[in-house]
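Read the structure below first, then the notes.
The values are calculated or read from the model by the stated rules, or taken from the named source; none is laboratory data. Please read these numbers as outputs of a predicted model, since none were measured by experiment. Here Cβ is always computed from backbone atoms with ideal geometry, including for glycine, and neighbour counts include all displayed protein chains. For the accessible areas, the whole protein counts, side chains as well, though only heavy atoms, and no ligand, DNA or RNA atoms are used. Shrake-Rupley method; radii C 1.70, N 1.55, O 1.52, S 1.80 Å.
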Amino acid sequence: QWYYYPAGPIINMAKKHAVAAVLLLIALAGFISNSKNVGMQLLVRYDESSDILFSEQQEDVDVDAPIIQSAQHAHHRAHHDTKRASRETSIHDDCLKARNEVPIALHRNLPRPYINLGFPKMGTSSLHAYFQCGGLTSRHLRCSAKVRGPSCAQCTKESVAAGLPPLAQCGGADAYAQIDNGAYFPQIELLEEFVRGHPNATFVLTFRDMAKWYHSISNWPPRKHGPYMKDRFMREKYNISGAPAPPGTPEKFNEWYCNHVTRVRDVISHSPSSNAPLVEVDIEDPTTGQRMEDMFGIDGGCWGQKNVNLNIHPGVDESEVSVSRHNKKDGNDGDDLRPKRADRDDDDGDDDEEDDDADNGDEEDNDDDANDDDDESNGNTKVDGINKKSTAANVESFREIAKRMKKAPSPEKLDKMFFNRTCFRANNDSVSRSLYHKLPKPYINLGFPKMGTNSLYEFFKCGGLKATHYSCGKGSPKCAQCARQSVEAGLPPLAQCGKADVYAQIDNGTYFPQIELLNEFVHGHPDATFFLTFRDMTKWYHSISNWPPRKNGPYMKDRFMKYDITGSPSREGTGGLAEFSTWYCDHVTRVRELVARNPSHTLVEIDIEDPGMGGRMEDMFGIEQSCWGRANVNALLHPEEANLSEKKRVAGKTERKTRNTTKRRKRGRKKGVE
């Protein structure tokens, strides 16, 4: 049955319940909103402030009581920075992980120089020591064999400002393990110039766990109170492209390196002028030693951790790693290991930047640099910067490299390492393409006899230039004699040597102006183009040991040892291949460094045995490559080539005779007309 209820009471009851429901919903919504705000505040505080959830959020804790000691706070903060950096690494997994993409066909055939584009504290010292152990000339922070020479950052900037490839004025080296100085990063600012200007280089990128890297730069150099490398990177006055602004969180530093890696990969892969491979090295991978041996042909035993900071790695085995020089100072008790200086101020202007270079670079002036194979400071006495010590001692000092290896190399391998250095090979990138066909005269060869001096002479003479060789023109004295007389008279070396376009040989076998008067040549002829010639050192030694071509000597090698030629093997030495090779290596290094410090000059380096050299000479000088070839060959050693050389000489003589006859006839006809 249906019952009738009045509508009024029911409506009134519904209104009351509706109001209660609305009030309940409002309260519930407020609670949810407040919870979200609390949660966001906790997250913000966790991530942005102390990274520690303080217990003052709890009601039963006195908020005025000290929660943790400052040392514990710093420890927990650093610990969380490390964990947070690890989480960020997974976000940038590809750009922060080394790729293994070097074709097997390039293994042990990677072109030099090797240029590391990675950042400091990412294995730059390990790379430097590895290449040095393999017998290569390596540069780290300083692009000079001298301990206080110019930094790579400085000379690359100056080279580009002069319109040259970045390393053109940085001296020759096989490897550049660190090119920045911690304040200026050529690998960032000049990346495109490196790839375009050094198309035959091999570029390297190093990788490590980013949390460890952040921890490393936050504690380097190893001293108690800083400033540290991380602080330097963020300094506004250095304005390093892409570097994080303070406070410099781990994720910001990860992003900085990630962006750099991505850009390097992109520029190298899309550069039309570069075939340069990119070698990516994970310095913490236990198989890296073997991988490096496979790619570079240097014993894997040379690879290892270098320049270790004992303040943050106290448990490392010092017999297995190379400890930072900062940790080796006497009386180190963990205090500031920086050299004390009363007037030191970290922000006192430009002069301090040089000190910062020394303190905050990955490692500078390290002990290994003192034993560099082309360091000018190894000799007992010097004349004009030249080592007068017997070259035999220098050869012996080179063998110290073997002691850095876990497994001693065989004598054959050591010899290969010795001759694998850059001072025995021509640098094909020494001349900018913008100077092709525009190289200023005179052309002065600073190489040694029996290294293609006649080939140079014949090439330029074939090209119509006035060339001299040994004697400076008809009726003129030997070039060695007139160069010395000119300098004694206070004049540039060639002032009394007649006019010529080319001076293909300026020594006479007993006096070497290219050694004794090198400074005078560079400063006295500021517009000259200098040459260095190269050939296989074993063949060169064989040549000077059998020239001139007679059965019983004496030979050129004996003459070199008889006279007091600076740097040459003395009569007390053995006069062996290694001693003569070291003599030339020292000369090449000195020439490169002196010319690099005087940018008005260009240094042309020529491998006379390179089958493509004729084409390269034509590209540079505009003279037909058919003019290039071997000349003045020793008939006793190379009878077949001597015949070809003689045929070429006779053909050239016939051509000149015909040309002269034509000129006389023209003069005769001209007189007849008159």
Margin query: Could you check the stretch 151-166 and list, in sequence order, the residues that are in contact with an Asp or Glu (Cβ under 8 Å, 6 or more places away or on another chain) and part of a loop (DSSP other than H, G, I, E, B)?
Written below: Pro165, Pro166
Next item on the list: Tell me, yes or no, whether the stretch 269-277 has at least one residue that is out of contact with any strand residue (DSSP E or B) (no Cβ under 6 Å at 6 or more places or on another chain) and part of a helix (DSSP H, G or I).
Entry: yes
Next item on the list: Please work out which one of (1) touching a strand residue (DSSP E or B) at 6+ places or on another chain (Cβ under 6 Å); (2) modelled with pLDDT of 90 or more is the condition Ser430 fails and give its number.
Entry: (2)
Check: So which of Glu609, Glu646, Glu593, Glu655 is at pLDDT 65 or above, closer than 21 Å to Gly463 by Cα and acidic (Asp, Glu)?
Finding: Glu609
Next item on the list: Determine which member of the set Ala162, Ala211, Ala129, Ala183 is open to solvent by 30 Å² or more (accessible area, probe 1.4 Å), small (Gly, Ala, Ser) and in contact (Cβ under 8 Å) with a residue 24 or more places away in the chain.
Entry: Ala162
Note to self: Just to be sure before I move on: is Tyr436 closer than 23 Å to Gly614 by Cα, open to solvent by less than 50 Å² (accessible area, probe 1.4 Å) and either at pLDDT below 95 or not charged (D, E, K, R) (or both) in the structure I sent?
What the structure shows: yes
Margin query: Go through (1) open to solvent by 60 Å² or more (accessible area, probe 1.4 Å); (2) within 21 Å of Ser626 (Cα to Cα); (3) in contact (Cβ under 8 Å) with a residue 40 or more places away in the chain; (4) not polar (S, T, N, Q) for Arg425 and report which single condition fails.
Written below: (2)
Checklist line | Members of the stretch 214-234 found to be open to solvent by 40 Å² or more (accessible area, probe 1.4 Å), assigned to a loop (DSSP other than H, G, I, E, B) and either among the charged types (D, E, K, R) or in contact with a Cys (Cβ under 9 Å, 6 or more places away or on another chain) (or both), listed by number | finding: Lys224
Next item on the list: Filter the stretch 474-488 down to residues that are over 38 Å from the mean Cα position of the chain (by Cα) and open to solvent by 60 Å² or more (accessible area, probe 1.4 Å), then give me how many there are.
Entry: 6
Item checked: Failed criterion for Val261 (all others in (1) open to solvent by 10 Å² or more (accessible area, probe 1.4 Å); (2) outside any loop (DSSP other than H, G, I, E, B); (3) touching a Cys at 6+ places or on another chain (Cβ under 7 Å) hold) -> (1)
Notebook entry, point to check: Just checking, how many residues over the stretch 525-569 are under 30 Å from the mean Cα position of the chain (by Cα) and over 24 Å from Phe424 (Cβ atoms)?
Noted result: 4
Item checked: Which listed residue, of Thr533, Thr574, Thr529, Thr566, is open to solvent by 50 Å² or more (accessible area, probe 1.4 Å) and hydroxyl-bearing (Ser, Thr, Tyr) -> Thr574
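Being surrounded by 21 or more Cβ atoms within 10 Å (Cβ to Cβ) and more than 15 Å from Leu518 (Cβ to Cβ) narrows it down to one residue among Glu593, Glu605; which is it? Don't jump to the end; show me each part of the working.
Details: Glu593 fails: more than 15 Å from Leu518 (Cβ to Cβ).
The conditions single out Glu605.
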Check: Taking only pairs six or more apart or across chains, which ones have beta-carbon atoms under 6 Å, a first residue in the stretch 605-623 that is more than 15 Å from Asn445 (Cα to Cα), and a second residue that is among the aromatic types (Phe, Trp, Tyr)?
Finding: Gly614/Trp628; Asp619/Tyr436; Met620/Tyr436
Note to self: Given (1) buried (at least 19 other Cβ atoms within 10 Å of the Cβ); (2) in a helix (DSSP H, G or I); (3) at pLDDT 90 or above, identify the lone condition not met by Lys539.
What the structure shows: (1)
Notebook entry, point to check: Taking Pro492 and the conditions (1) touching a His at 6+ places or on another chain (Cβ under 9 Å); (2) closer than 22 Å to Ser455 by Cβ, which numbered condition does it fall short on, given that it satisfies the others?
Noted result: (2)
Check: List pairs: first in the stretch 549-578 and free of Cβ contacts under 8 Å to residues at least 24 places away in the same chain and under 14 Å from Tyr511 (Cα atoms), second open to solvent by 30 Å² or more (accessible area, probe 1.4 Å) and part of a loop (DSSP other than H, G, I, E, B), Cβ under 6 Å, 6+ apart or cross-chain?
Finding: Met561/Arg571
Notebook entry, point to check: Out of Gln178, Gln169, which single residue is open to solvent by less than 10 Å² (accessible area, probe 1.4 Å) and touching an Asp or Glu at 6+ places or on another chain (Cβ under 8 Å)?
Noted result: Gln178
Notebook entry, point to check: Based on what the data block shows, is Leu465 modelled with pLDDT of 95 or more and either of a type in the set (Lys, Arg) or surrounded by 18 or more Cβ atoms within 10 Å (Cβ to Cβ) (or both)?
Noted result: no
Notebook entry, point to check: With respect to the numbered conditions (1) open to solvent by 10 Å² or more (accessible area, probe 1.4 Å); (2) modelled with pLDDT of 90 or more; (3) not in a loop (DSSP other than H, G, I, E, B), which one is the sole condition not fulfilled by Thr89?
Noted result: (2)
Next item on the list: Run Lys416 past the list (1) more than 22 Å from Gln132 (Cα to Cα); (2) modelled with pLDDT of 55 or more and report the number of the one that doesn't hold.
Entry: (1)
Note to self: Could you check the stretch 239-252 and list, in sequence order, the residues that are in a loop (DSSP other than H, G, I, E, B), in contact with a helix residue (DSSP H, G or I) (Cβ under 7 Å, 6 or more places away or on another chain) and either in contact (Cβ under 8 Å) with a residue 60 or more places away in the chain or open to solvent by 20 Å² or more (accessible area, probe 1.4 Å) (or both)?
What the structure shows: Ser241, Gly242, Ala243, Ala245, Pro246
Notebook entry, point to check: Which members of the stretch 132-152 meet the condition of being open to solvent by less than 20 Å² (accessible area, probe 1.4 Å), in contact (Cβ under 8 Å) with a residue 40 or more places away in the chain and hydrophobic (A, V, I, L, M, F, W, C)?
Noted result: Cys133, Leu136, Leu141, Ala145
